[in-house]
1. Sum up the charges of everything whose Cβ sits under 13 Å from the Cβ of V149, counting Lys and Arg as +1 and Asp and Glu as -1, but leave V149 out.
2. Could you tell me whether the chain comes out rounded, prolate or oblate from its Cα gyration tensor? Rule is a ≥ b ≥ c as square roots of the eigenvalues, rounded for a/c under 1.5, then prolate if a/b exceeds b/c, otherwise oblate.
3. Which shape class, rounded, prolate or oblate, goes with region 33-124 when its Cα gyration tensor gives a ≥ b ≥ c as root eigenvalues, a/c under 1.5 marks rounded, and past that a/b bigger than b/c marks prolate?
4. What fraction of the DSSP beta bridges in region 1-118 is antiparallel, stated in percent and rounded to the nearest 5?
5. For the cross-link pairs K174/K248; K93/K248; K49/K142; K77/K301; K49/K359; K49/K371, which exceed 25 Å when the distance is taken from alpha carbon to alpha carbon?
6. Applying the Karplus parametrisation 6.51 cos²θ - 1.76 cosθ + 1.60 with θ = phi - 60° to the phi angles of region 178-189, what ³J(HN,Hα) value in whole Hz is obtained for each residue in order, glycine and proline being reported as x?
7. To make sure I understand the rule: partners must be aspartates and glutamates, Cα under 12 Å from the Cα of K72, and not fewer than 8 residues away in the same chain. Which ones qualify?
8. Suppose we keep just the DSSP beta bridges with both residues in region 90-183; what percent of those would be antiparallel, to 5?
Amino acid sequence: MSRPHHVIVGAGQSGANAAFAMRRAGFEGAITIVGAENHFPYERPPLSKDVLTGQDSPKPPLFFSEARYDEKNIAIKLGQRVTAIDAASARLKTEEGASIPYDRLLIATGGRPRPLDFPGSESVVQLRDVDDAARLRASLKKGLRVACVGAGPIGLEVATAARALGCDVTVLEKSASIMGRCLPAEAAGWLRRRHDAQGIKIITGFSLVAFEAGQVVEASGDRIAADLVVAGTGMVPNIELGASAGAKLDRGIMVDTFGETSSPGIYAAGDVATFWHPLHASHLSWETWRHAMNHGIAVGKSMAGRREPYVEFPYFWTDQAGVRVQVVGAAAGSSSVRRGSESEDRFSIWYLDEENVVKGVVAVDAPREIKIAERLIQSGRPIDPMRIADLAFELRDLLR
């Protein structure tokens, strides 16, 4: 009797972690990862940070060394793009004409940069993989006029890197605020002032209509000089394979709390999936580093037979303007309490509900406070807000 074969489409964070989670869960069958890129699975956050400012060739760290795949008997096929899933015969089809059978399948194809639709957009740089980062890094020279379209994490991280390399940087944002999907207004306002102080010009309410002859054109007719335009306007999940397999779709590939799609034996994890969260009683989609890793691990365990509900809560971080901003939980509530001083560039804002239970925290260069906040959110215990504001009080005592 042949061993069961689990195939993972997508050699990224979710796919790699799912494969190793299967082995840790005791799965002894064959595992194959199929990836479109020619690189072993690597960390993506450095692409908009250290890779752009480093002196050496851009080589973001791998999740697992190449030797570990051999040690765990995990086959990995790089540079092969899967074009369709035949769910009836349980086989994959690749662009190269190969047909790969599977017993269980994980779709971990992540997403791609949101397409741009304006004249001149073919000249705009978009950052998704290490090859994009290498090309951008080679372009960023002192004195270059750089326009970053989008004031989300990627746009502002690239702006920070470009400014550190001596570029003249302008950030163009369509909405009225920076980091609008990630930060509450008070934290976003502080971060914008910090970028301003470092010489990064930010223009909000900017509706881009064209990029032509070294200029970014706004709907009003205003023009911003730019030698290079970089777009950080979000991503679109790569749901096409899920659609070819007949899986239900809603923003992403819909999965249950164990990561299984509506097509039996086919799973999805990470950025490409909208997952059922039992605590929220709804399908959610998160585009964060930790979710991509933890969801991949959880779904890998489920595929190996250790089915446990996925009940994480949101967390993300961004390094920009010389600080690390971390957000855990829901940065909204009935009240908020500030700990520390903005003037010292180290503070946190705590969000509580009507019963003074911590629901979320935004922290600037305060990693210990984030760790404590996570445990308080998990506990669901009410706390005394006055103690959070008191810098003389040791926050760890709230855990007792």
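Coordinate-derived values only; no laboratory data. In this text, all values refer to a predicted model and were calculated from it rather than measured experimentally. Backbone-built Cβ (ideal geometry, glycine too); neighbour counts: all protein chains shown.
1. Local charge sum for V149: -1.
2. Because a/c hits 1.5 or more and a/b fails to exceed b/c, the chain counts as oblate.
3. oblate
4. Within region 1-118, antiparallel bridges account for around 40 percent of the total.
5. Checking Cα-Cα distances, K174/K248; K49/K359 exceed 25 Å.
6. Values, residue by residue: 7, 6, x, 8, 10, 10, x, 4, 5, 6, 5, x Hz.
7. In chain and number order, the partners are E28.
8. Antiparallel bridges make up about 40 percent of those DSSP assigns within region 90-183.
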